[in-house]
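Enquirer: Handing you this structure, nothing more for now.
The values are calculated or read from the model by the stated rules, or taken from the named source; none is laboratory data. Remember, it's a predicted structure, so these values are computed and weren't measured experimentally. Surface areas here come from the heavy atoms of the whole protein model, side chains and all, with no ligands, DNA or RNA. Shrake-Rupley method; radii C 1.70, N 1.55, O 1.52, S 1.80 Å.
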Amino acid sequence: EKGMEEARRQLREERKAKEELQERFEEALRDSRKLKEAAATAETRIAEQAKVIEEARRRSEAAEDEVMLAKKEAEVAAAEAKRWEKATLNARDELAKEEAQREAGRATPRLPASPSESVGKGGKNDT
């Protein structure tokens, strides 16, 4: 009788140990599934962030290209402005020279080219 009782007790302990092992296994399985889902979610987020970073890099490069183009255009415009400024200054100088020549022409009395030009103008050669 004692041997039977001991065998039943041992059987109960083995069942209990087996149930605990089964519960731990199922819990470990659930944890493993959760970890796999978390890893998949993390991979998805990493891929999305990589896309965002790549798009930002492309935009940055495009902006750099636009800045370089704007600098080139500004340099061309500055050179053109200098050419216009120089042309304007040259034109002003030319106008000033022409004006000075006109003023000089008015200030100096014109001498007759020949004595016959002075005939009839009240000069001493009039007859």
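Enquirer: Return the only residue of Arg15, Arg83, Arg30 being open to solvent by 100 Å² or more (accessible area, probe 1.4 Å), more than 53 Å from the chain's Cα centre (by Cα) and at negative phi. Talk me through it step by step, then tell me what you get.
Expert: On the way: Arg83 fails: more than 53 Å from the chain's Cα centre (by Cα); Arg30 fails: more than 53 Å from the chain's Cα centre (by Cα).
The conditions single out Arg15.
Residue-by-condition table, conditions (1) open to solvent by less than 100 Å² (accessible area, probe 1.4 Å); (2) on the phi > 0 side of the Ramachandran plot; (3) at pLDDT 90 or above; (4) hydroxyl-bearing (Ser, Thr, Tyr):
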site	(1), (2), (3), (4)
Glu26	yes, no, yes, no
Ala38	yes, no, yes, no
Asp65	no, no, yes, no
Lys71	no, no, yes, no
Glu75	no, no, yes, no
Lys97	no, no, yes, no
Arg102	no, no, no, no
Gly123	yes, no, no, no
